[in-house]
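In what follows, a single structure is set out as structure tokens and then discussed.
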Amino acid sequence: MQWIRLVAALGLLAASGSVFASTACPNFFVGGDEPAIAASLTTRTTEVCHTEYVILDSGVTKGPLYSAQHLTAAQVAGAEAISRYGSFHQEKGIPYADRSQSSDYTNSGYDRGHMTPAGDESTLDSEYESFSMGNIVPQVHTLNAGNWARIEADVRDLATQLGEVYVVTGPAFADSHVPTIGTHQVWVPEYTWKAVYEPGIGAGAYVCTNDTKQTCTVVSIDDITALTGVDPFPMLSGSIKANAISLPTP
């Protein structure tokens, strides 16, 4: 992939500093510490803890800045034992003015793209929770049903093989001309990304172009932090963040 420097319309700059909030659900994060995000991204953010994942949503982008999981082999086994159940619904844990609506996506040309996948959820109730609009970004169908779905399946396989992985997923926006959809002006990402930490092994991140080419690349945690303003695993050492592990590629 030919890298370009992305600067979010929120005014994201690496020099703007990072912020740690006080999370209400540390069990989803490496060492109990939530992702550190650039200070300029903190406007109108709301954390919502669900049964098997957590989101940090933005009232500016009308979607998640990240969605995080501690995905275990037992959870994947439970997910394989249930059928698809959920339906898209409002995220009531977010202030009404900061929510997206399912109707924003109707006839938009974009799928309602899960950040934490429904296919990772081990009970019918937790699967339903994954259909919260707070866990959704606009995603081109070719990507959502193609390489992105394959990446999600590969991460489940890793959790099964290793016993556990930590996963943080989110959008990355382009320059100041970010397209929007719907009445509530939901921001359309240029990329979607998924960072994976394999305890005792290392970490890396997938980055996929949100287009019909669906180009996906594995990069380091340092790279994903520079791209998005989100450090998904602030507890990890500098060496682990600088060197991407090998991840299955679609």
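Here's the yes/no breakdown for (1) at pLDDT 95 or above; (2) of a type in the set (A, V, I, L, M):
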site	(1), (2)
Ala38	no, yes
Glu47	yes, no
Val54	yes, yes
Thr61	yes, no
Ala74	yes, yes
Would you check which residues across the stretch 162-198 are free of Cβ contacts under 8 Å to residues at least 60 places away in the same chain and within 26 Å of Leu71 (Cβ to Cβ) and list them?
-> Pro189, Trp193, Lys194, Ala195, Val196, Glu198
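Quick one: is Ser126 surrounded by fewer than 24 Cβ atoms within 10 Å (Cβ to Cβ), within 12 Å of Glu52 (Cα to Cα) and modelled with pLDDT of 95 or more?
Details: surrounded by fewer than 24 Cβ atoms within 10 Å (Cβ to Cβ): yes; within 12 Å of Glu52 (Cα to Cα): yes; modelled with pLDDT of 95 or more: yes.
Yes: the conditions hold for Ser126.
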What number of residues within the stretch 1-36 are within 13 Å of Asp231 (Cα to Cα), modelled with pLDDT of 95 or more and not acidic (Asp, Glu)?
-> 4
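Test Gln75 against the criterion of being over 15 Å from Phe28 (Cβ atoms) and out of contact with any Pro (no Cβ under 7 Å at 6 or more places or on another chain), and give yes or no.
Working: over 15 Å from Phe28 (Cβ atoms): no; out of contact with any Pro (no Cβ under 7 Å at 6 or more places or on another chain): yes.
For Gln75, the condition - over 15 Å from Phe28 (Cβ atoms) and out of contact with any Pro (no Cβ under 7 Å at 6 or more places or on another chain) - is not met.
Only one residue in Tyr85, Tyr105 is among the aromatic types (Phe, Trp, Tyr) and closer than 18 Å to Glu190 by Cα, so which one is that? Steps first, please.
Working: Tyr85 fails: closer than 18 Å to Glu190 by Cα.
Sole residue among the options that is among the aromatic types (Phe, Trp, Tyr) and closer than 18 Å to Glu190 by Cα: Tyr105.
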Give the residue that is farthest from Tyr66 (Cα to Cα), with candidates limited to residues of the stretch 212-242 that are in contact with a Gly (Cβ under 7 Å, 6 or more places away or on another chain) and among the polar types (S, T, N, Q).
-> Gln214
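Does Glu47 satisfy the criteria of being assigned to a strand (DSSP E or B) and either surrounded by fewer than 24 Cβ atoms within 10 Å (Cβ to Cβ) or touching a residue at least 12 places away in the same chain (Cβ under 8 Å) (or both)?
On the way: assigned to a strand (DSSP E or B): yes; either surrounded by fewer than 24 Cβ atoms within 10 Å (Cβ to Cβ) or touching a residue at least 12 places away in the same chain (Cβ under 8 Å) (or both): yes.
Taking the combined requirement at face value, the residue satisfies it.
Across the stretch 156-193, which residue is nearest to Ile221 (Cα to Cα) among those that are in contact with a Lys or Arg (Cβ under 7 Å, 6 or more places away or on another chain) and surrounded by fewer than 22 Cβ atoms within 10 Å (Cβ to Cβ)? Let's see the steps before the verdict.
Looking only at the stretch 156-193, we keep the residues that are in contact with a Lys or Arg (Cβ under 7 Å, 6 or more places away or on another chain), and these are 167, 169, 184-187.
Subset that is surrounded by fewer than 22 Cβ atoms within 10 Å (Cβ to Cβ): 184-185.
Values: His184: 32, Gln185: 30 Å.
Step by step, filter the stretch 156-193, then rank; the result is Gln185.
The values are calculated or read from the model by the stated rules, or taken from the named source; none is laboratory data. Keep in mind that this is a model prediction, so the values were computed, not measured. Here the Cβ is made from the backbone with ideal geometry for all residues, glycine too, and neighbour counts use every protein chain on show.
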